[in-house]
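I have placed the structure first, in the form of structure tokens, so that the comments after it can refer back to it.
The values are calculated or read from the model by the stated rules, or taken from the named source; none is laboratory data. None of these values were measured; they are calculated from a predicted model. Positions of Cβ are backbone-derived with ideal geometry, glycine not excepted, and every protein chain shown enters the neighbour counts.
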Amino acid sequence: MRQSSSYHLIGIAAAAFTGAVLNAAAQQRVVETVHNLSVSGPGETRAESEEEVCVFCHAPHNTAGARPLWNREIPIANYKIYRSSTLDASPGQPTGASKLCLSCHDGTIALGRVLSRSDRIRMSGGDYIPAGLSNLGTDLSDDHPISFQYTGGLAASDRQLRSPATLPAELVLDASGELQCTACHDAHHNKYRKFLTLTDEFGALCIACHDMTGWTASAHSQSDRDVPRTASAEWAFGTVAKNACRSCHRSHSAGGRERLLIFRNEEENCLSCHDGQGAGFNIRAELDKTSSHDPRRFTGVHDPIETRTGAKPHVECADCHNPHAAAAPTDADAYIPIGATMASMPGVTLGGGHTRAAQFEYEVCFRCHGDGAVEVSRRIARQAEQPNMRLKFSNTNASFHPVTESAPSGESVSLDPSIPRGTLIRCTDCHNNDDGPRAGGGGPDGPHGSVYDFLLDRNYTVRDDTPESAHDYALCYKCHRRASILADESFPTHSVHIRDNNMPCSACHDPHGVSPIGAGQSDHTHLINFDLEIVRPLRRTGRIEFRDLGELAGSCTMTCHGVVHDKLTYGD
């Protein structure tokens, strides 16, 4: 592990003072930077008459006793320290060089108050560091953590930190092996802007320490799209790829304190670009639709280390997308298990286990719609009631749509011939943008928002007494031929039920699957799971059931639309 000599501790961290700044490429000496607080300094904050440059930090005599010849008081403030559920390091109160930096940058000690002079040096432009990003204050909870041991053990436990042994020569830990302000900032040189020790173009400074899973191949690391000029973001470069980490994060005075996000509301860090100004599609407009996964309804609930939503149901962009790993979507005619935009997302397996990197799209969906399922508005009350989608899609069920496993049934005679038997589908083949590519439109792909209920890409009417039409059951007719259904090729009274008696498909069929848990007195093949608002038990016996009697044959016992079915059979 590299450690600094004592002379590396003279760095004063943090950004430059507010004011006119010389071209960064030319600022190779401290006298050319805004850290020159003498009367000859280039910034708006400078001495009224003091000509010495170094005196504001160093003096040969009468110093604080801190190396190297520190000419300022050491701050005595009690600082609020950065905390995060994803932080494996253990930062305490600032130490070493960071404490020296804060003697100016916490705003508690006047700039001209030096130990070697009996009188304070008078300043023009203000006696204290001006308000702004350079004035960190005593609340450091919105700043990158400092004064912690950066060890190989820390890197190993974090999994996304590089070993300190591999740090570039420009990033130096202090003599105690702690990361201080001086790892990122060199007070005497401003070659890279903000007194950085390395350029932050393409995220070079950040990725010197942070080794984020999937970053190199991600869309954010490669995008040449222009960034929108949002004043609060302070993007230094023109494209997303060049800003890299800075596109979403701010190392000082961050709006979103945990994880140092630019904006306080987590989703705004995404929507500031994904509103059609930076990214190619306007996701913000999708969230405004009737049915949506709208993260703007939740604040301060999501935590990256959560495995399921648990007692705090919510949705944030980061529940489905890993911004460090998400890659650009690819057009794929064939089935793919999980899209590139969901790369390196955690999930819940079909068996209920937690996985760090989901291999299937449904595993990401199960985090919210599996165990401890979130409430869905207008959920249909079923004979076999089960909100847990993980259980409903179990491949041991009597029937299920082929999301987790193919179901090449010979009785699916209505299936469109262009869809091979045994085909797998994804959750997003049904739940998606109504104007997205899977609905035949040009909008973004994904379940962000839809004008249709249940966040579906096509209409699916579940209201009783609805006249049959291609529009009302468009979702079903996406895969199942309308002509076949109305011709009674799979069930001899399909047309009587849905066309003559205006019953919706949902009266009999549960589109996800039917779990045997709580299934009661019924077979549940063919996704049959009655809507209890439409189909009622026999008044005399209280029975409501379907029995599968073999290929394309069955028996029903219930009351529906006032008509009693008492072991009414169909088929052979």
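Assess whether residue 241 counts as being touching a helix residue (DSSP H, G or I) at 6+ places or on another chain (Cβ under 6 Å), in a helix (DSSP H, G or I) and aliphatic (A, V, I, L, M). Taking the combined requirement at face value, the residue satisfies it. Scoring residue 333 on the criteria (1) assigned to a loop (DSSP other than H, G, I, E, B); (2) in contact (Cβ under 8 Å) with a residue 60 or more places away in the chain leaves a single failure, condition (2). In the condition set (1) surrounded by 20 or more Cβ atoms within 10 Å (Cβ to Cβ); (2) part of a loop (DSSP other than H, G, I, E, B); (3) among the aliphatic types (A, V, I, L, M), residue 175 is compliant with all but (1).
The single condition among (1) crowded, with 16+ Cβ neighbours inside 10 Å; (2) of a type in the set (Asp, Glu); (3) within 16 Å of residue 426 (Cβ to Cβ) that residue 333 does not meet is (1). Scanning the range 78-106 for residues that are more than 14 Å from residue 142 (Cβ to Cβ), small (Gly, Ala, Ser) and under 32 Å from the mean Cα position of the chain (by Cα) turns up 85, 89, 90, 92, 98. For the residues 119, 88, the requirement of being part of a loop (DSSP other than H, G, I, E, B), out of contact with any Asp or Glu (no Cβ under 9 Å at 6 or more places or on another chain), surrounded by fewer than 19 Cβ atoms within 10 Å (Cβ to Cβ) and of a type outside the set (A, V, I, L, M) singles out 119.
Any idea which of (1) of a type in the set (Lys, Arg); (2) modelled with pLDDT of 95 or more; (3) more than 24 Å from the chain's Cα centre (by Cα) is the one residue 421 doesn't satisfy? Looking at each condition in turn, residue 421 falls short on (2). Based on what the data block shows, is residue 107 in a loop (DSSP other than H, G, I, E, B), touching a Ser or Thr at 6+ places or on another chain (Cβ under 6 Å), closer than 20 Å to residue 254 by Cα and not aromatic (Phe, Trp, Tyr)? No: the conditions fail for residue 107.
For the range 503-520, enumerate the residues that are surrounded by fewer than 16 Cβ atoms within 10 Å (Cβ to Cβ) and not β-branched (Val, Ile, Thr). Correct list: 516, 518, 520. Among the residues that make up the range 444-452, is at least one of them assigned to a helix (DSSP H, G or I) and either under 41 Å from the mean Cα position of the chain (by Cα) or buried (at least 18 other Cβ atoms within 10 Å of the Cβ) (or both)? Checking the range 444-452: not a single residue is assigned to a helix (DSSP H, G or I) and either under 41 Å from the mean Cα position of the chain (by Cα) or buried (at least 18 other Cβ atoms within 10 Å of the Cβ) (or both). Taken over the range 389-437, residues that are among the basic types (Lys, Arg), in a loop (DSSP other than H, G, I, E, B) and surrounded by 15 or more Cβ atoms within 10 Å (Cβ to Cβ) amount to 1.
Taken together, the residues in the range 272-296 that are in a loop (DSSP other than H, G, I, E, B) and of a type outside the set (Ser, Thr, Tyr) amount to 12. In the range 363-388, the qualifying residues are those that are of a type in the set (A, V, I, L, M), at pLDDT 90 or above and crowded, with 16+ Cβ neighbours inside 10 Å, and the one that is farthest from residue 536 (Cα to Cα) is 364. Filtering 316, 306, 286 for residues that are in contact with an Asp or Glu (Cβ under 6 Å, 6 or more places away or on another chain), of a type in the set (Asp, Glu) and under 29 Å from residue 429 (Cβ atoms) leaves a single hit, 316. Within the range 286-295, can one find any residue that is touching a residue at least 24 places away in the same chain (Cβ under 8 Å), in contact with a His (Cβ under 9 Å, 6 or more places away or on another chain) and of a type in the set (Val, Ile, Thr)? No, the conditions are met nowhere in the range 286-295.
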